[in-house]
Amino acid sequence: MAKVTVIGAGNVGATCANVLAFNKIVETVVMLDVKQGVAEGKTIDMLQTAQTLGFETNILGVTNDYAATAGSDVVVVTSGIPRKPGMTREELIGTNAGIVKSVVSQALTHSPDAVFVIISNPMDTMTYLTLKAFGLPKNKVVGMGSLLDSARFRYYLSQTLQVNPVEIEALVIGGHSDTTMIPLKRLATYNGTPVASLLEDAALDKVIADTMTGGSTITNLVGTSAGYGPGAAGAYVTASIIHNYRRLIPSCVYLEGEYGQHDICIGVPAIIGSSGLESIVDLRLNDEEKALFEKSANAVRKTNAVLAEIGVL
Ligand SMILES: NC(=O)c1ccc[n+]([C@@H]2O[C@H](COP(=O)([O-])OP(=O)(O)OC[C@H]3O[C@@H](n4cnc5c(N)ncnc54)[C@H](O)[C@@H]3O)[C@@H](O)[C@H]2O)c1
């Protein structure tokens, strides 16, 4: 009987819980929020779709009641503030680092064997904080960001090529940041054909730029950050863990020499299964891609350094 806790019942967390329930990915989903009544209210709302949508998943909404989360196989962390138009993800660290540390600490007490899926921003640094603050094994902490960035890359490629996005394979690696994520144009394909041979350079460059600012585009339109994409992506990662699908998912994981980096959590292609991180896939980057990855890692390290400055690590 699989049980998943989603911490934070906002845009991202409630979507994640809803996708987990609607797609019958787990038997029980617990949604926890600090704001009195929010998780409970959204749970009632979701349960009132069960008959029309045809699912029988147990959903439980609680306010700060960590005992209700006990024995979770996966804990998805979405608590914290999202960015507003004009903000970077990195600017959220002052508020979110304390929140993430506190919720992980409480969730761990009741679910010591859970795999943690970290979504709160700045996600690479929140993943590193979760791993380091509690000395967790590296397989138990998986950050979600590059999967969403890859979905955006596929979306913009499909829009430009005017084709079905499901038939596009494309990966984004590196930090989950507007300026240093790395959409891998060399490896992007449409039905096996490299997209670089289907698009002019300028068109492909525009796809890359749109992908990198894909989150800001939504934030500027909506007034707050995306919810459906990240929530669904969190559920996708969770499903691979719960059902041991061993999907290749670009994920923020701890590196010990892979991709030339040590002591950092950053997006790389990873096999995600019942242990959480099962293995890291080496894409054999070319020199240009290696340089971009190093630049991205340096930016993540700069944000990681703030953790010590503000006294959370
Ligand atoms: N990694 C990604 O790809 C990605 C994508 C989008 C958003 N995000 C991040 O996810 C986070 C959530 O975004 P959102 O749009 O859902 O925000 P939101 O404001 O809609 O929801 C956040 C929820 O967290 C709750 N919360 C705050 N402190 C808490 C605590 N101590 N314990 C329990 N709950 C707490 C709030 O009450 C709120 O309901 C943000 O940090 C955002 O930047 C990440």
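The values are calculated or read from the model by the stated rules, or taken from the named source; none is laboratory data. Keep in mind that what you see is a predicted model, and the values were worked out from it rather than measured. Cβ sites come from the backbone with ideal geometry, for glycine too, and all protein chains shown count toward neighbours. These accessible areas exclude ligands, DNA and RNA; they are computed on the full protein's heavy atoms, side chains included. Shrake-Rupley method; radii C 1.70, N 1.55, O 1.52, S 1.80 Å.
Looking for something open to solvent by 10 Å² or more (accessible area, probe 1.4 Å) and either within 16 Å of the ligand (Cβ to nearest atom) or touching a residue at least 60 places away in the same chain (Cβ under 8 Å) (or both) - is there at least one such residue anywhere in segment 189-202?
Filtering segment 189-202 down to residues open to solvent by 10 Å² or more (accessible area, probe 1.4 Å) leaves 189-194, 196-202.
In the following step, the residues that additionally are either within 16 Å of the ligand (Cβ to nearest atom) or touching a residue at least 60 places away in the same chain (Cβ under 8 Å) (or both) were identified as none.
Taking every residue of segment 189-202 in turn, none turns out to be open to solvent by 10 Å² or more (accessible area, probe 1.4 Å) and either within 16 Å of the ligand (Cβ to nearest atom) or touching a residue at least 60 places away in the same chain (Cβ under 8 Å) (or both).
For segment 137-152, what are the residues that are more than 13 Å from the ligand (Cβ to nearest atom) and touching a strand residue (DSSP E or B) at 6+ places or on another chain (Cβ under 7 Å)? Give the derivation first.
Of all residues in segment 137-152, those more than 13 Å from the ligand (Cβ to nearest atom) come to 137-141.
If the condition is that a residue be more than 13 Å from the ligand (Cβ to nearest atom) and touching a strand residue (DSSP E or B) at 6+ places or on another chain (Cβ under 7 Å), then 138, 139, 140, 141 are the ones that fit.
Could you please let me know if residue 228 is within 15 Å of the ligand (Cβ to nearest atom), open to solvent by 20 Å² or more (accessible area, probe 1.4 Å) and in contact with a Ser or Thr (Cβ under 6 Å, 6 or more places away or on another chain)?
So residue 228 fits the description; yes.
Here is a yes/no grid of residues against (1) out of contact with any strand residue (DSSP E or B) (no Cβ under 8 Å at 6 or more places or on another chain); (2) under 20 Å from residue 304 (Cβ atoms); (3) without any contact (Cβ under 8 Å) to a residue 24 or more places away in the chain; (4) among the small types (Gly, Ala, Ser):
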| position | (1), (2), (3), (4) |
| --- | --- |
| 119 | no, yes, no, no |
| 127 | no, yes, no, no |
| 131 | no, yes, no, no |
| 156 | yes, no, no, no |
| 164 | yes, no, yes, no |
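Starting from residues that are closer than 18 Å to residue 243 by Cβ and of a type in the set (S, T, N, Q), keep the ones in segment 1-34 and report whichever is surrounded by the most Cβ atoms within 10 Å (Cβ to Cβ).
5
Does residue 240 satisfy being open to solvent by less than 50 Å² (accessible area, probe 1.4 Å), in a helix (DSSP H, G or I), modelled with pLDDT of 95 or more and touching a Gly at 6+ places or on another chain (Cβ under 7 Å)?
When the stated conditions are applied, residue 240 passes them.
Considering only segment 215-234, I want to know if a residue exists there that is in contact with a Phe, Trp or Tyr (Cβ under 9 Å, 6 or more places away or on another chain), modelled with pLDDT of 95 or more, under 29 Å from residue 131 (Cα atoms) and β-branched (Val, Ile, Thr).
Within segment 215-234, not a single residue is in contact with a Phe, Trp or Tyr (Cβ under 9 Å, 6 or more places away or on another chain), modelled with pLDDT of 95 or more, under 29 Å from residue 131 (Cα atoms) and β-branched (Val, Ile, Thr).
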